[in-house]
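In what follows, a structure is listed as structure tokens, so that the remarks can point back to it.
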2 protein chains.
Amino acid sequence: MIRDAYAVRTGIGPRPLAGGRVPRPVIEVIERDDGLINGAPADHYLDEPAEWQPHDHRALRLCRGQVLDIGTGAGRTAVELQRRGMAVTGLDTSPGAIEIARRRGLRDTVVTTIDAYAAKAATRYDTFLLLGNNLGLLESAERAPVFLAALARMARPGARIVAQGTDPYGTTDPVHADYHRRNRERGRIGGQLRLRLRYRRLATDWFDYLNCSPAELEQLLAGTGWELKSVDLADKPYYLAVMEFMR
Amino acid sequence: MIRDAYAVRTGIGPRPLAGGRVPRPVIEVIERDDGLINGAPADHYLDEPAEWQPHDHRALRLCRGQVLDIGTGAGRTAVELQRRGMAVTGLDTSPGAIEIARRRGLRDTVVTTIDAYAAKAATRYDTFLLLGNNLGLLESAERAPVFLAALARMARPGARIVAQGTDPYGTTDPVHADYHRRNRERGRIGGQLRLRLRYRRLATDWFDYLNCSPAELEQLLAGTGWELKSVDLADKPYYLAVMEFMR
């Protein structure tokens, strides 16, 4: 839903505020369930490769074969993979985001959830991409094995997941440290964020989004058939994890 | 309260989000009572004159004598007036904002409301400045005469108000047009916004902030002793209004 902010930069959608002559950036507002609110410019969702973070470039070099870009958004990384001649499907739950991705040239797109796609997709994949912090889509200890099983159903032999995550525990900010502590007291993973996104009068439902450490990730993988093969920590607190399916 | 976001740019306050290596702009989040939410970068509050809107430059040329800069914030315009050798007092309700204004060199500051200041201030003023859309501090048809009476108590003979406002009625955005209509149905001025500001876990109380047309402004002035002398419409929908006190 918030991804319809893409539409603004591309001139398709509503303007963020009417009237003013001063151009304003489109801001994505993220609310956390402890009352923390944060706004951030949304235009990075449309960044060209020259503007990317270094880990995004390293992530694309880890892709091979048939790629499923999960949470492709406006196709930021999928369009670049396609440009390099790779076979890539862009999946997103947002019709607005996929519309923009298609206008940017992404040919193979699907608007659905990962569960629904895994239940019906004929294509099998060699690489599952979770970039833009989309390791967060593991959500929780309850959801992670279900999500990973859906990927397993679509996995070719030797398939890998290339995921970018954030280790949240290096912070010294008490707002975050307290949040992590309260989460653990409630039986949640420390960095299991409860969020909603807002844009103008739109608000998503509240959802879980997981920032976990590599050690927590390894625990979540236990028993799923996915095995942690490498963790690239060069851009701390961000990291790139590669997991392979060992059936 | 939101003005403590100033502290971030100047390195005094908390960072907007902990952890990430990617520098993020400080975003001010504005919520309206119809559920509209908007984020905007806060760094314009610290802009140097070269970065200002044209109407701010024209406003400063309309200042004369002893100046009270109401809602001075981090002293953006007051510091420049002082640099030009003018006698200026910066007033704000935010201690955080005034702390930054003082660090930026503003010598004469006061942390209080306009009502409390008018009740006790010994200084009398030739110019009252309401920039950065601070004509909005008129709030409502009920509040405007009280606010204007407070200024009158501090006015020297021939004193003027130099105020920057926004005419909200040029919009074709249905979200805003509907808001204006519902306001009128409830006996409020169309552009009488009900807002609160949020930053991290802080939220102000809800308050009224008035975007009115020059015609509505003229109606609000009736019977207050203040008279509309000129309206500069060069930067529509923004305008600069000059009012003079005719005792």
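The values are calculated or read from the model by the stated rules, or taken from the named source; none is laboratory data. Predicted model only: the values in this text are computed from it and were never measured. For neighbour counting, all protein chains shown are included, and Cβ atoms are generated from backbone atoms with ideal geometry for every residue, glycine included. Heads up: the accessible areas ignore ligands, DNA and RNA and are worked out on the full protein's heavy atoms, side chains in. Shrake-Rupley method; radii C 1.70, N 1.55, O 1.52, S 1.80 Å.
Going residue by residue through the range A:43-60, is there one that turns out to be over 30 Å from residue A:158 (Cα atoms), away from chain B (no Cβ under 14 Å) and of a type outside the set (A, V, I, L, M, F, W, C)? For the range A:43-60, residues over 30 Å from residue A:158 (Cα atoms), away from chain B (no Cβ under 14 Å) and of a type outside the set (A, V, I, L, M, F, W, C): present.
Scanning the range A:160-206 for residues that are open to solvent by less than 70 Å² (accessible area, probe 1.4 Å), over 30 Å from residue B:175 (Cβ atoms) and part of a loop (DSSP other than H, G, I, E, B) turns up A:167, A:171, A:173, A:187, A:188, A:189, A:190, A:191.
If you check residue A:32 against the conditions, is it out of contact with any Pro (no Cβ under 8 Å at 6 or more places or on another chain), open to solvent by 10 Å² or more (accessible area, probe 1.4 Å), within 14 Å of another protein chain (Cβ to nearest Cβ) and at pLDDT 95 or above? Criteria met by residue A:32. Residues that are without any contact (Cβ under 8 Å) to a residue 40 or more places away in the chain and under 17 Å from the mean Cα position of the chain (by Cα) within the range A:190-204 comprise just one, A:191.
Annotation note: Cβ proximity below 6 Å between a residue of the range B:36-52 that is within 21 Å of residue B:80 (Cβ to Cβ) and a residue that is open to solvent by 60 Å² or more (accessible area, probe 1.4 Å) (sequence gap 6+ or interchain) occurs for B:43/B:9; B:46/B:9.
So in the range B:53-72, with the set limited to residues that are more than 15 Å from the chain's Cα centre (by Cα) and free of Cβ contacts under 8 Å to residues at least 40 places away in the same chain, which one is surrounded by the fewest Cβ atoms within 10 Å (Cβ to Cβ)? Among residues in the range B:53-72 that are more than 15 Å from the chain's Cα centre (by Cα) and free of Cβ contacts under 8 Å to residues at least 40 places away in the same chain, the one surrounded by the fewest Cβ atoms within 10 Å (Cβ to Cβ) is B:61.
Quick one: is residue A:102 under 12 Å from residue A:72 (Cα atoms), surrounded by fewer than 19 Cβ atoms within 10 Å (Cβ to Cβ) and over 16 Å from the mean Cα position of the chain (by Cα)? Lay out the reasoning, then the answer.
Numbers: under 12 Å from residue A:72 (Cα atoms): yes; surrounded by fewer than 19 Cβ atoms within 10 Å (Cβ to Cβ): yes; over 16 Å from the mean Cα position of the chain (by Cα): yes.
Judged against the criteria, residue A:102 is a match.
For the range A:207-240, a residue qualifies if it is part of a loop (DSSP other than H, G, I, E, B) and either free of Cβ contacts under 8 Å to residues at least 40 places away in the same chain or among the charged types (D, E, K, R) (or both), and the qualifying residues are A:222, A:233, A:235, A:236. For the range B:76-90, filtering for residues that are among the basic types (Lys, Arg) and buried (at least 23 other Cβ atoms within 10 Å of the Cβ) leaves 1.
Results for (1) more than 20 Å from residue A:164 (Cα to Cα); (2) open to solvent by less than 10 Å² (accessible area, probe 1.4 Å); (3) not aromatic (Phe, Trp, Tyr), shown as yes or no for each residue.
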site: A:74; (1), (2), (3): no, yes, yes
site: A:94; (1), (2), (3): yes, yes, yes
site: A:109; (1), (2), (3): yes, no, yes
site: A:113; (1), (2), (3): no, no, yes
site: A:122; (1), (2), (3): yes, no, yes
site: A:128; (1), (2), (3): no, yes, no
site: A:135; (1), (2), (3): no, yes, yes
site: A:139; (1), (2), (3): no, no, yes
site: A:145; (1), (2), (3): no, no, yes
